[in-house]
Amino acid sequence: MMLTTTIVVLLVLLAISIPVAAVMFILALILDWQFAAPPLTAALPNQLWNTSTSFILVAIPLFIMIGEILLRSGIANKVYESLDSWLSWMPGGLMHANIGTATMFSATSGSSVATSATVGTIALPQGVRLGYDDRFFAGSIAAGGTLGILIPPSINLIIYGFLAQTSIPQLFLAGIIPGLGLALIFMLIILVMCWWRPAWGGTRRSSDMGTRMRNLVHLVPVLILFAFIVGSIYGGWATPTEAAAVGTIAAIALAWNAGGLSWRMMGAALEGTMRTTAMIMLILLAANFLNFVLASVGLTDQLLTYIDSLDLTRLQTLMAIILFYIVLGFFVETLSLMIVTIPIVAPLMVELGYDPVWFGILLIVLIEMALITPPIGLNLYVVQSVRKRGSLTDVMVGAIPFVIAMFGMVILLVLFPQIALFIPQLASG
């Protein structure tokens, strides 16, 4: 009865387009009213305070701020121009620069939306001018943007670590090989598709070696920023939150050095940061209270008991959970999907003997897929909003080859867990 009520109420509220944070608060209040003996709302102030004052979550607005500064100061544009000069000679040309820029931007921003918006703003006008296939070009930007939540630092990995009580530095290390591997697979897909359909690749250009070498200097700020953030964490000098603060200061200094620092730019960056942070934190506050209610009324235990009663093997349970995330990814916004499910699913995975760090990376790849699958795929909407022409269906179709690539990465992670665990084990050993 309780499980049925929860599922029905959740689906109905989402179907009538109530904001996700409000859905979770309403669901928590209904479950409290129907199934709790003492009123759990008495614990609401304490739950909200504990979540909103968590030290690790301070990293979220700081990493968002870094991405805003890089975009608005012009540093991201220069990175794109540099990678364009190095990569555009290959079949697919500018699309390789899309993936390369998304990869580098991901190493400083931590946000998929920021990465997609940044690369899309820079690349889409050039794609039209040079005659690239509109659908495939837009799909490459949407897919490249997903790397923002896998390559460290990642806001989604911070949220997973917070909810699953798992080491965030270990998660950051675990995301490096899968993230870079996925970027290379994306580039390989572009090569193959543009070799098969040369017209998709637009006008191929090549730059002389002198131009390429001069443009390398534009990559230095991002590499310095990445070294500041990651180096301070793994050098033992800073926690992820402190590293985000160091990275924000470094980003401001780099913007000043690039001539892009101004009061107007910083005001716009702060406004963008506050908007995104407010959305994320409201969802986190609602989800934390909902998770508290679910545990208090016994629904979490009921669900775990039900899964145990199915008598599935360890691998069958994993396959069922992968399918569960793929299906829900079509219909539920990714951040909400993570926040609602992780407190239930992560302990089950640990109980079955799976490494929580490995499962975190597997989950993030599944979330990446959800970012570019209709009808809720957020990156699809971000790219279309920047694109301002054609239909959303074009972006969806263009993203299909990259969705297949992500599913391939899921299979590789299941078959070869060391893809994610090699660097964390090397660092701790």
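For this structure, a couple of remarks:
- Principal-axis tilt of helix 392-415 within the chain, Cα atoms, nearest 10 degrees: 70 degrees
- Inter-part distance where the range 386-429 and the range 36-112 are each reduced to a Cα centre, Å: 17 Å
- Identified option (computed percent of Cα pairs over 31 Å apart; candidates (i) 45; (ii) 40; (iii) 57): (ii)
- Computed from Cα atoms, the angle from the helix 220-234 axis to the main principal axis of the chain rounds to 30 degrees.
- Judged by the gyration tensor of its Cα atoms, with axes a ≥ b ≥ c, the range 46-113 is prolate; a/c meets the 1.5 cut and a/b is the larger of a/b and b/c.
- Placing R0 at 35 angstrom, the Cβ-Cβ distance between Leu184 and Val350 gives a FRET efficiency of 0.70 after rounding to 0.05.
- Folded to 0 to 90 degrees: helix 299-309 orientation relative to the chain principal axis, Cα: 90 degrees
- Sum of -39500 (n - 2.57) over DSSP H runs of 4+, divided by residues of the chain (222 nm, nearest 500): -25000 deg cm²/dmol
- Computed FRET value (nearest 0.05) for Tyr306 with Arg197, which takes r as the C-beta separation and R₀ as 41 Å: 0.30
- Cα gyration tensor, the range 159-254 - rounded (a/c under 1.5), prolate or oblate: oblate
- Choice from Ala278, Ala174, Ala42 with maximal GNM fluctuation in the chain (Cα, 10 Å cutoff): Ala42
- In a DSSP loop and with at most 14 other Cβ atoms within 10 Å, the chymotrypsin sites (Phe, Trp or Tyr not before Pro) in the range 160-239 are Trp237.
- The alpha carbon gyration tensor of the range 185-327 gives principal lengths a ≥ b ≥ c with a/c of 1.5 or higher and a/b no greater than b/c, which makes the shape oblate.
- When the Gaussian network model of the chain links Cα atoms closer than 10 Å, the mean-square fluctuations of Pro240, Pro178, Pro401 top out at Pro401.
- Gaussian network model of the chain, springs between alpha carbon atoms under 10 Å - residue of Met279, Met349, Met193 with greatest fluctuation: Met279
- Length gained when the stretch Arg129-Gln418 is fully extended (0.36 nm per residue, less Cα-Cα span): 99.7 nm
- Backbone N within the range 146-187 under 14 Å of label point (7 Å from Leu426 Cα along the Cβ vector): 173-181
- Positive end of the dipole of the chain (Cβ unit charges, origin at the Cα centre): among Ala22, Ala143, Gly408, the Cα lying farthest that way belongs to Ala143.
- Met274-Leu223 pseudo-label distance in nm [points 7 Å out on the Cα-to-Cβ vector]: 3.7 nm
- Here the spin labels are modelled as points 7 Å beyond Cα on the Cα-Cβ line, and at Gln165 and Leu315 they lie 3.1 nm apart.
Read the figures in this text as sums done on the coordinates, not as results from a lab. In this text, all values refer to a predicted model and were calculated from it rather than measured experimentally. Glycine gets a Cβ as well: all are built from the backbone with ideal geometry, and neighbour counts include every protein chain shown.
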